[in-house]
Amino acid sequence: MNQDTAADFITRELHARDSLRLGHKFKLPQNNGGPGVPTIFPIFTSSCDEGVVRNGGRRGSSFGPQAILNSLKGFIAPPGNYCLQTNELCSTVDDFELSQERSYQSWMAQLPQWKKGASILVHLGGGHDHIYPLLRACNSIQGKLSIFNVDAHTDTRVDSWPHSGTPFRQFAKVATNPFTLYKYGLHPYSNPPTNFTPLGKGQMQLCWRTDTGLEQVDHFKRYFDQCDIAIFSLDADALDSSVMEAVSAVNPDGLQKRELRCMLDAFKLSTASLKIFGIYEYNPLFDNLSQKGQRYLASILYYLLF
């Protein structure tokens, strides 16, 4: 009879202990093993940072989506029958404009099957430029569109070439349906005056960082309940540097966790028929050794999905 070595014994005992202490971990994109047909939570990734570089930012946000998912996979899986399904939309870019067009076509193929089935659809960038193809696809769906963008910048630059600072103005030029863009957490020193020129079909409502505070959930819920399609777009550089240092433009006076949680509560409770939550601009190359920003963003996904 073969006998275990001391190393084999220790390894087996550690695995047994961890299974009791930690519980079942997430398995992406597999079913968690519950009975019956699982509820599918779609997570779309755009693992490309070309738009950030074109905007003068630092490379690295292309690794953001997978880094966030890696932390999520390390969390204890909640009870229930579900499946987290990932789908990569854009990972490499030879031609930036062509890549955006291909992402748009991918969204057009995917959105119809999710607009009535998923409680919240998740999109992980990359740069904020990846929200432009998503918005174009949402424009094809009949209904009132509201975009709630938590960001230090408006990302409505008037530059003649597209990048991570232009997506909302790009969208306003091609939108065929009216939409409302709420900007929350802006800094005056981060936005030139040209950013605030009118947006064609869209209306833009601004809330400066100096005017923000911890408000009630009902205050934010009205932004989402008055629309059919609600998009919550979180640019990681809206968060205070004490929370998020892993971005190209570190924010010395950004939003705190309690402020953001109030907005997330409202979004999760809203009655919009299609809810999409996106995280953009997280750059794991500049996170600290404890992966503080990465784990925090993954915890947001855990809260919204479950």
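The values are calculated or read from the model by the stated rules, or taken from the named source; none is laboratory data. Small disclaimer: the values here were computed from a predicted structure and weren't measured. Using ideal geometry, Cβ is built from the backbone for each residue, glycine included, and neighbour counts are taken over all protein chains shown. These area figures cover heavy atoms from the full protein model, side chains too; ligands, DNA and RNA do not enter into them. Shrake-Rupley method; radii C 1.70, N 1.55, O 1.52, S 1.80 Å.
Considering only PHE96, LEU285, ASN81, whose Cα is most displaced toward the positive end of the charge dipole of the chain, charges sitting on Cβ of Lys, Arg (+1) and Asp, Glu (-1)? Highest projection toward the positive end goes to ASN81. Once the Cα-Cα distance is subtracted from the 0.36 nm per residue extended length, the ASN177 to LEU289 segment shows a gain of 35.8 nm. Note on segment 210-306: Kirkwood hydrodynamic radius from all Cα pairs is 14.1 Å, rounded to one decimal. Taking every DSSP beta bridge that has both ends in the chain, the antiparallel portion is near 5%.
Using a Förster distance of 25 Å, how high is the FRET efficiency between SER241 and CYS207, based on the Cβ-Cβ distance and rounded to 0.05? The formula returns an efficiency of 0.80 here.
On the basis of the beta-carbon distance and an R0 of 25 Å, HIS219 and PHE306 show a calculated FRET efficiency of 0.50. Ordering LEU269, LEU239 by accessible surface, largest first, gives LEU269, LEU239; the 1.4 Å probe counts only protein heavy atoms, with every chain in place. Normalised per residue, the accessible area of the chain is 46 Å², obtained with a 1.4 Å probe and no contribution from ligands, DNA or RNA. Hey, if you drop one equal point scatterer on each alpha-carbon of segment 43-125 and run the Debye formula without solvent, what base-10 log of I(q)/I(0) do you get at q = 0.22 Å⁻¹? Each listed q corresponds, in turn, to -1.13.
What does the charge count near GLY56 come to, summing +1 for each Lys or Arg and -1 for each Asp or Glu among other residues with Cβ under 15 Å from its Cβ? Taking every Cβ under 15 Å from that of GLY56, the sum is -3. Mean silhouette area of the chain, derived from the convex hull of its C-alpha atoms and averaged over all directions, reads 18.6 nm².
Spin-label pair LYS144-LEU98: with each label point 7 Å from Cα along the Cα-Cβ axis, the two points sit 4.1 nm from one another.
Rolling a 1.4 Å probe over the protein heavy atoms of the chain, with every protein chain left in place, gives an accessible area that is 53 percent carbon and sulfur. Against the empirical 2.2 N^0.38 Å (N residues), segment 140-246 has a Cα radius of gyration ratio of 1.08.
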